[in-house]
Amino acid sequence: YHAKQLEFEKSADIQNRINSLNLLIKKIEPLRLNRTKNELKEIGQFLGFKSTPLIIESFDNSHTSGSDGVACSIRIVMGRPEKSSYRKFIIKTAKVGDDYSSFEEVLERRFSRILREKTQLPDLVIMDGGKAQLSCAQNIFNKLGITIDVIGISKDERHRARWVHTTNGETFDLLK
């Protein structure tokens, strides 16, 4: 704008500020990434994961009064949503409303495709649900011959995420 108005000094000043801001962002970004990596590493160690969960996928199922069964997955890489990797699955073979069969179908479809296309497996899978949903994921991963850390998150009566369930049988209360 200022350049068009022949206000070259103001234009140069604004451009210098933009350049300084960009330089600051470039310097801060590695610090943020290192902090994110350290936080993820601490979480992984606390929960007994085999690796630091730098890539996380989370799965949830839904249906409308027993029909229109769907599931979705989101992917987070280094603490940031990777929206291009979000997926919606229409439940094809599982009985709608059967949370366990729906999860097994979706997980088998998703991870078979990742293996077939040789794309990056996540370090951690988060299941919406408790120990039974966690077991569904473990069964599919065993069937496919892959090792991925997995946890389940179940909700309380107010529908708030409350408990984290791990594969070693531990349960952590998030509200304590």
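Look through the stretch 102-130, keep the residues that are under 17 Å from T167 (Cα atoms) and among the charged types (D, E, K, R), and return whichever of them is farthest from the chain's Cα centre (by Cα). Only one residue tops the list, namely E104. Checked against the criteria, R113 counts as open to solvent by 50 Å² or more (accessible area, probe 1.4 Å) and without any contact (Cβ under 8 Å) to a residue 12 or more places away in the chain. Checking the stretch 53-65 against the condition returns no match, with no residue being exposed (fewer than 13 other Cβ atoms within 10 Å of the Cβ) and touching a residue at least 40 places away in the same chain (Cβ under 8 Å). I'd like to know if the stretch 30-41 contains one or more residues that are within 20 Å of G129 (Cβ to Cβ), out of contact with any helix residue (DSSP H, G or I) (no Cβ under 8 Å at 6 or more places or on another chain), at pLDDT 90 or above and of a type outside the set (G, A, S). Taking every residue of the stretch 30-41 in turn, none turns out to be within 20 Å of G129 (Cβ to Cβ), out of contact with any helix residue (DSSP H, G or I) (no Cβ under 8 Å at 6 or more places or on another chain), at pLDDT 90 or above and of a type outside the set (G, A, S). Does the stretch 139-155 hold any residues that are in contact (Cβ under 8 Å) with a residue 12 or more places away in the chain and either more than 16 Å from I126 (Cα to Cα) or among the small types (G, A, S) (or both), and which are they? Within the stretch 139-155, K143, L144, G152, S154 qualify. In the stretch 69-83, of all residues being among the hydrophobic types (A, V, I, L, M, F, W, C) and farther than 12 Å from I55 by Cβ, the one that is surrounded by the most Cβ atoms within 10 Å (Cβ to Cβ) corresponds to A71.
Of the residues making up the stretch 118-132, at least one is open to solvent by 50 Å² or more (accessible area, probe 1.4 Å), modelled with pLDDT of 90 or more, outside any helix (DSSP H, G or I) and of a type in the set (D, E, K, R).
The values are calculated or read from the model by the stated rules, or taken from the named source; none is laboratory data. Just so it is clear, the model here is predicted, and its values are computed rather than measured. Please note: Cβ atoms are built from the backbone with ideal geometry, for glycine as well, and neighbour counts cover all protein chains shown. Accessible surface areas use protein heavy atoms only, side chains included; no ligands, DNA or RNA. Shrake-Rupley method; radii C 1.70, N 1.55, O 1.52, S 1.80 Å.
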